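Trainee: The structure's right below; bear with me while I get my questions together.
The values are calculated or read from the model by the stated rules, or taken from the named source; none is laboratory data. Since the model is a prediction, treat every value here as computed from it, not as a measurement. FYI the Cβ positions are ideal-geometry reconstructions off the backbone, even for glycines, and counts take in every protein chain you see.
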Amino acid sequence: MILINFSHPLSEEMITTIEFLTGLSIDLNLPVLSQFTLEKPFAEQISALVDSIGFSSEEWENKPILINPPAYNYAAVTLMAELHGRMGYFPSIVRIRPVSESNPPRFEVAEIINLQSVRGKSRYRR
């Protein structure tokens, strides 16, 4: 599986948890520097960011890809729209949460969310 990380670096413990939750090994952990200019349209910035990964259309559609989205909500939802267009489906994402009462603050993997499954199930509630 390819993990594309658009957010903060993930610890080895987080990587291990992701592999456990997905049942897949991470063959490529691809960090993508995600800095956004608030004065420019996000759609253009996201498109350029995804282009910088260098995957072909075939790779986007066929490779097993897991996304750690940016923490910034506007960037995250714009990224999901861009990826859906390239992949033909919503990717699964990693949800990170703070470890309760940790000092100094630490974060952990909370869950893997299959966005395509969420979409599919929600269609029955129309």
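Trainee: When the residues of segment 36-66 are narrowed to those that are farther than 18 Å from S7 by Cα and touching a residue at least 60 places away in the same chain (Cβ under 8 Å), which ends up nearest to the chain's Cα centre (by Cα)?
Mentor: So the residue we want is P64.
Trainee: Can you tell which of R97, R126 is among the basic types (K, R) and at pLDDT below 95?
Mentor: The match here is R126.
Trainee: Also: Checking the structure you have, find out if any residue of segment 16-31 is hydrophobic (A, V, I, L, M, F, W, C), closer than 21 Å to R97 by Cα and modelled with pLDDT under 95.
Mentor: no
Trainee: Looking at E39, E44, E59, which is the one that is closer than 21 Å to N114 by Cα and surrounded by fewer than 18 Cβ atoms within 10 Å (Cβ to Cβ)?
Mentor: E59
Trainee: Next up: Starting from residues that are aliphatic (A, V, I, L, M) and touching a helix residue (DSSP H, G or I) at 6+ places or on another chain (Cβ under 6 Å), keep the ones in segment 76-92 and report whichever is farthest from F55 (Cα to Cα).
Mentor: Top of the filtered list is L79.
Trainee: Moving to a separate point now. Could you pull out the residue among L33, L24, L28 that is surrounded by fewer than 18 Cβ atoms within 10 Å (Cβ to Cβ) and over 15 Å from the mean Cα position of the chain (by Cα)?
Mentor: Being surrounded by fewer than 18 Cβ atoms within 10 Å (Cβ to Cβ) and over 15 Å from the mean Cα position of the chain (by Cα) holds for just one of L33, L24, L28, which is L24.
Trainee: Scan segment 64-82 for residues that are more than 21 Å from L10 (Cα to Cα) and surrounded by 15 or more Cβ atoms within 10 Å (Cβ to Cβ) and jot them down.
Mentor: T78, E82
Trainee: Are any of the residues in segment 4-18 within 22 Å of A110 (Cα to Cα), touching a Ser or Thr at 6+ places or on another chain (Cβ under 6 Å) and in contact (Cβ under 8 Å) with a residue 24 or more places away in the chain?
Mentor: yes
Trainee: Also: In segment 1-113, which helices (runs of 4 or more DSSP H) lie fully inside it and hold 2 or more residues that are of a type in the set (S, T, Y)?
Mentor: In segment 1-113, the matching helices (runs of 4 or more DSSP H) lie at 12-22, 73-87.
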